[in-house]
Amino acid sequence: MSLGLVRGATDLLFCGVDWFSVERAQQQAVDAEIAAYDADKLLNTADDTLVDYFIQKYSLDVPVLDRDGIVADQREVDVDVSQDRLRYISDRSRPFHIKATRIEVEVPFSGDRNFFKIQPTTFSMSPPRGEVRAASLLLHVEGTDLAGERVRQEIDRTLAQIEGSLAHHRTAAATFNAGLASRASNLVLARKRKLLADRNLVASLGFPMKVRGGAAATYVSPQVRRRVEPVRPPPASSAPFKPEPALSDQQYDDILRILSNMVHVMERSPSAFAHTDEEAIRTHFLMQLNGHFEGQASGETFNYEGKTDIMIKDGGRNIFIAECKIWRGEKAFASTIDQLLGYLSWRDTKAAILVFNRNRDFSAVLARIPEVSKAHPNCKELVKQVSETSWQFRFAHRDDLAREMTITVLAFDVPRPS
């Protein structure tokens, strides 16, 4: 007598907790960690860095089977057939073993193995069986007269069932993961606002500066906004948070608008710029800025130190810096970015690079500026192209990737000596 082909008596898959309970628990875990996150570390870490951490930690990683990596083995086993209806055994209270062949098929996978125990949104009343290991799934087929074709059919049928359940998981996980970024972002921002309100502070003090009478109206541009194990919280200081002095977005846009308008001054008076060096050009920009703004204290709001900087200071700290450089090639421009990053070492600092071109092919310079900027190792993203000759980027501080700054690059075609 023979024992027909049967699946090994291993665990039922996809028969544990239901999907909706898993999704709810995952959401509650995100909420709980953000609510319990150390307050000062939360305030001392950039929003996007925190959100990236929560996305990496709580994204659902559904397993993917490696069909090309499947391997098979066989061995002889003792099978208890005392309860087999095909056999006529008078005493079924005792085990009755026969020799049989076991085919073991090992299927590698990547992803979270816990999903093999979760009941998907759509499931079968006859789920597949398998043994879940660390990074592989073991399927068993046993019998006394196994045939290769029948075994392969059984394995293929089991794999199809498993793939179907994983596909349901994958659809549901994609929806959860898609909403995770906005959920984490909203929770982080809400908690930061509450913490600051509780301490009677604001995230940005703003530089006290008023527009002189008769200055042009302000243009405010719209704001535009990425699973590694183990996932660790981003490094951050646990020292009591103290908001840094910073320009408001409106003030920053005002400054950029005035700097951009210098192109019209150059076009109207080309002879005044034809023989000027970097320092002289910078002086013209300072005159325009100080003609529009005045500081809280006496003296010039905008001043410069060293060779090429336009600065605004508050409490001894630079809260706005503009580096002025004549275009001398890609390497020199990349060095200018490094130089600027060396100055900027506190939260939400806003800066600018003014590039003065005296080459014949201004279009070629305009094509290279965004490419060199995006290739810089500290560049996180091109936020937007403001105009044909200006771009706004988000950079990380060179010594602390959690600290970010906005850098706008403005290019000017300076008149050349005739």
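Readers should treat all values here as calculations from the given coordinates under stated rules, not as data from a laboratory. All of these numbers come straight from a predicted model, not from anything done at the bench. Counting neighbours? That spans all protein chains shown, and the Cβs are built from the backbone with ideal geometry, glycine included.
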| remark: Rounded to 0.05, the calculated FRET efficiency for the beta carbons of Ser363 and Val64 at R₀ = 60 Å is 0.85
| request: Please sort 116-124, 357-365, 153-161 by packing, taking for each peptide the average over its residues of neighbouring beta carbons within 10 angstrom, highest first. | output: 116-124, 153-161, 357-365
| remark: Output row, site Thr171, 7 Å Cα→C-beta label point, backbone N cut-off 11 Å, window the stretch 20-36, residues none
| task | Using a cut-off of under 17 Å, list every residue of the stretch 262-288 whose amide N is near the label point 7 Å from the Cα of Arg328 along the Cα-to-beta-carbon line. | result | 276-282
| Using r as the Cβ-Cβ distance of Val71 and Phe123, and R0 as 22 Å, what FRET efficiency do you calculate, to the nearest 0.05? | 0.20
